[in-house]
2 protein chains.
Amino acid sequence: MQDVVKIAVDAMGGDNAPGQIIKGAVEAVNDRKDIKVFLVGKEDIINAELKQYDFNANQIEVINANEVISNDEAPVMAIRRKKESSIVVSLNLVKNGDADAFVSAGSTGAVLVGGQFIVGRIKGVERPPLAPLLPTIKGVSLLIDCGANVDARSSHLVQFAKMGSIYMENVVGIKNPRVAIVNIGAEEEKGNMLVKETYPLLKNCPDINFIGSIEARDIPYGGADVIVCEAFVGNVILKLYEGVGSAIISSVKKGLLSSFQSKIGALLIKKDLKRTLKSFDASEHGGAPLLGLNGLVVKTHGSSKSTEVKNSIIQCVTFKQQRINEKIKENLSMNED
Amino acid sequence: MQDVVKIAVDAMGGDNAPGQIIKGAVEAVNDRKDIKVFLVGKEDIINAELKQYDFNANQIEVINANEVISNDEAPVMAIRRKKESSIVVSLNLVKNGDADAFVSAGSTGAVLVGGQFIVGRIKGVERPPLAPLLPTIKGVSLLIDCGANVDARSSHLVQFAKMGSIYMENVVGIKNPRVAIVNIGAEEEKGNMLVKETYPLLKNCPDINFIGSIEARDIPYGGADVIVCEAFVGNVILKLYEGVGSAIISSVKKGLLSSFQSKIGALLIKKDLKRTLKSFDASEHGGAPLLGLNGLVVKTHGSSKSTEVKNSIIQCVTFKQQRINEKIKENLSMNED
C-alpha cells in the first residue's frame, strides 16, 4: 500500500470559503484512501460545516487557526504579523514535515511570500515559480512563471524550464514535453534583452526538449507544453486568457438573446456550448503549484469551488508519489557539478 | 472644401495583395472625394487589376516600384538594399511631402524600421510607438506600444500615454480618454521596475487622464481607453487577444457540430453569432498607426481584406484633418519648456 499523503488545506481562504473548500476536502478523501487532509482555520466554523458530510474521520483533522489573511493585506507584513492565520499555521505544518503539501484559495501574495519565507526553497533553486496549467485546444500547457517575482534573470528562466518539464512529464503525464520561450517572433534574434540572453541557454540545455520561441497567439493552440516567461509577462498572459475568454463568452450569450430565432437556437445548443466553454475553463485543471520549495504549495483560484479544491488536493498526491521535489533536487545538483 | 489627403498604399504587401489591397483603395476613393491614393508596386500588375473597377481617375495614381520586401527578410537590411521596393518608394513619397500618409499590410518590421529611418521622428519624440485598436465589449481601446522597440524606458511610456491620448481624443473621438498602465495588480506599489518608475510620472502628468493600473483581465472589458505598456508586453497582449479569440470561436463552432440537436441550433444562431464574433474582430477597426513620425504610417494586418484597407485609408484622412502631428508637436514641445 502506498503512503498516505498529508495535505493542509486553507479552510478560510478564497471567495467561497469555508463552504466550498470544506466540501472539496470531503470529496477528495471520499475519492481516495491515500489522502489525509488537515483543515486549517477557525475550528468551530469548520466543525459546524463538516457535520453535514459523511467521511472517514481518520482522513480529516481540524487544526485551529484564529486569524485570516485577506487579499487586501500587504503579503510580507501579513505573513510576519499573523502567526495564527490559516496560511501561516498551514505553512508551518509543511515546514515541520507534518504535512506534505498546502492548498490555498486565499491571498496569492501571502501564499507566495509565505511559501518562500516559511517553507523555504530547495537548495539550488534561485526562485520558486508559480506555474498554472492553461487550457488549450489540445489539452493543457504549463505557464511558468506567473508569480510575484518580476524582473527575472536568464538563469531563473532556465530553472523554470527544467522544473516545468519535470512537472509536465511526471504530474501531467506528457512524455518529453516541448519547452518554448514566449517571444515576439519565431526567430532566435528576436526578443527583449532577457529573451535574447535566455534563448541560447535553453538551446544548449541538455535535459529539456527546447523547441524555440512561441508567439502568444499560438499558446491557445497548444504550441508548446511548457511555456517559459518571466512573471510580469506570465501574469499578463494568465489574466488576459481569463479576460478575453469570459468577455467573448458573455458577448456570445448576449448576442444569442438578441433575436427570437437565436433564442430558440440557443436552447438547442446550450449543452454542447457549455461543454465547449468548460474545456477552456482553467478551474477544471486544479491549482497552480509553487515549484522549487521544500514541500508543495498549491494556489487555487480565489473563486474555486469544491471541484477545483478536490482536484488541487489530488494533484498533491501525484506530486508526492512521483517524487517531483527529489527529481528537481537531482536535476539541479547534477547541473551544478 | 477641405484639402485632398494624399495616401500612398503598398499594393504589394500582405497575404491578399495585390487584389484585396487595390479593391480597398478603389472602395476608399469611391466613398470619399477628399482622398487621392498612390498605388505603389509593379505597375503592370496594378493596372491590370484596376481595369475591373469604376472610379474617378484623378483619385488614383499608379507609382511603379519593381521590388517587394517579404516577411522573411531582415527589416534593416531590406530597407537599405531594396530602394525600389513598394515600401521604400512609398515612404520616400511621405518623406518628400508628396504623400501625407502610407498604408501597408506588408512586413511589420520593414514598415516600422523604414518609417523611422526614412520618414523620421517628430522632434522631441524619443520612440515612435505602434498603436493598434483592440476591440472590447464597450468599443475599442488603443494599445500602445506593440512595435519593434522593446526594453523601453519610463520616459518613452510617458510619451506613449500623451500621443495615445491625442489619437483617441481626435481620431477615435473619445473625450478625455482614460489612460492606464498594464500592471500585475491594481496598487501603485505593484509591478516590475519599469512600471514602478513610470507610474508616478504618469500620475503627475498634467495633460492626460491617468486612472492608474489596469490588469490584463480588464482590457477586454474596456477598462481604459489608452493602454500603455512596453512593446514586448504589448505584442503578447495583441497576439494572445487574437489567439484566444480564434481558438474559442473555432472550438465553439466544432462543439456545435457534435450533435444533431446542436446542428439545428447552430443554423438558427448563425447570424447573431457571426455579428457578435465580428465585434471582436480587430480587422474591422482599421490599421495601427506608427505615431510620432513626420507623416503618418499605418500598418494593417497581413491578412487584411479590402474593408480593412479601405478603413485604414479613411483613418488617414481623419488623422490629417485633425492635425494629429501638429498636436503631438505642440504637446511635446510645451512639456520641454
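The values are calculated or read from the model by the stated rules, or taken from the named source; none is laboratory data. All of these numbers come straight from a predicted model, not from anything done at the bench. Neighbour counts are summed over all protein chains in view; Cβ atoms, including those assigned to glycine, are modelled from backbone coordinates with ideal geometry.
Determine whether the stretch A:270-284 contains at least one residue that is at pLDDT below 70, more than 12 Å from every other protein chain (Cβ to nearest Cβ) and in a helix (DSSP H, G or I). Yes: the stretch A:270-284 contains one or more residues that are at pLDDT below 70, more than 12 Å from every other protein chain (Cβ to nearest Cβ) and in a helix (DSSP H, G or I).
Within the stretch B:223-235, is there a residue that is at pLDDT 95 or above, surrounded by 21 or more Cβ atoms within 10 Å (Cβ to Cβ), part of a helix (DSSP H, G or I) and polar (S, T, N, Q)? No, because not a single residue in the stretch B:223-235 is at pLDDT 95 or above, surrounded by 21 or more Cβ atoms within 10 Å (Cβ to Cβ), part of a helix (DSSP H, G or I) and polar (S, T, N, Q). No other residue among A:L93, A:L142 is touching a residue at least 40 places away in the same chain (Cβ under 8 Å), touching a helix residue (DSSP H, G or I) at 6+ places or on another chain (Cβ under 6 Å) and buried (at least 20 other Cβ atoms within 10 Å of the Cβ) apart from A:L142.
Per the listing B:I69, B:I35, the residue uniquely assigned by TED's automatic domain parsing to the domain that holds B:D15 and in contact with a Cys (Cβ under 9 Å, 6 or more places away or on another chain) is B:I35. Restricting attention to the stretch A:188-204, the residues being buried (at least 17 other Cβ atoms within 10 Å of the Cβ) and either part of a loop (DSSP other than H, G, I, E, B) or more than 12 Å from chain B (Cβ to nearest Cβ) (or both) number 6.
Take A:I208 and tell me if it is touching a strand residue (DSSP E or B) at 6+ places or on another chain (Cβ under 8 Å) and at pLDDT 95 or above.
Numbers: touching a strand residue (DSSP E or B) at 6+ places or on another chain (Cβ under 8 Å): yes; at pLDDT 95 or above: yes.
For A:I208, the condition - touching a strand residue (DSSP E or B) at 6+ places or on another chain (Cβ under 8 Å) and at pLDDT 95 or above - is met.
In the stretch B:158-174, the count of residues that are within 17 Å of B:K327 (Cβ to Cβ), in a strand (DSSP E or B) and touching a residue at least 12 places away in the same chain (Cβ under 8 Å) is zero.
None of A:A48, A:A65, A:A74 is in contact with a strand residue (DSSP E or B) (Cβ under 7 Å, 6 or more places away or on another chain) and either free of Cβ contacts under 8 Å to residues at least 24 places away in the same chain or aliphatic (A, V, I, L, M) (or both) except A:A65. Only residues that are at the interface with another protein chain (Cβ under 7 Å from one of its Cβ atoms), under 26 Å from B:K162 (Cβ atoms), among the aliphatic types (A, V, I, L, M) and touching a Leu at 6+ places or on another chain (Cβ under 9 Å) were counted across the stretch B:221-253, and they come to 2. Can you find a residue that is out of contact with any Leu (no Cβ under 9 Å at 6 or more places or on another chain), facing chain B (nearest Cβ under 10 Å), within 26 Å of A:V76 (Cα to Cα) and of a type in the set (A, V, I, L, M, F, W, C) anywhere in the stretch A:112-135? No - not one qualifying residue is present in the stretch A:112-135. Taken over the stretch B:27-45, the criterion of being without any contact (Cβ under 8 Å) to a residue 40 or more places away in the chain, of a type in the set (D, E) and in contact with a helix residue (DSSP H, G or I) (Cβ under 6 Å, 6 or more places away or on another chain) is satisfied by no residue.
Checking each residue in the stretch B:168-187 for being among the charged types (D, E, K, R), crowded, with 19+ Cβ neighbours inside 10 Å and closer than 15 Å to B:I214 by Cβ picks out only B:R178. Among the residues of the stretch B:298-328, those identified as closer than 30 Å to B:V158 by Cβ and touching a strand residue (DSSP E or B) at 6+ places or on another chain (Cβ under 6 Å) are B:V298, B:K299, B:S312, B:C316, B:V317, B:F319, B:K320.
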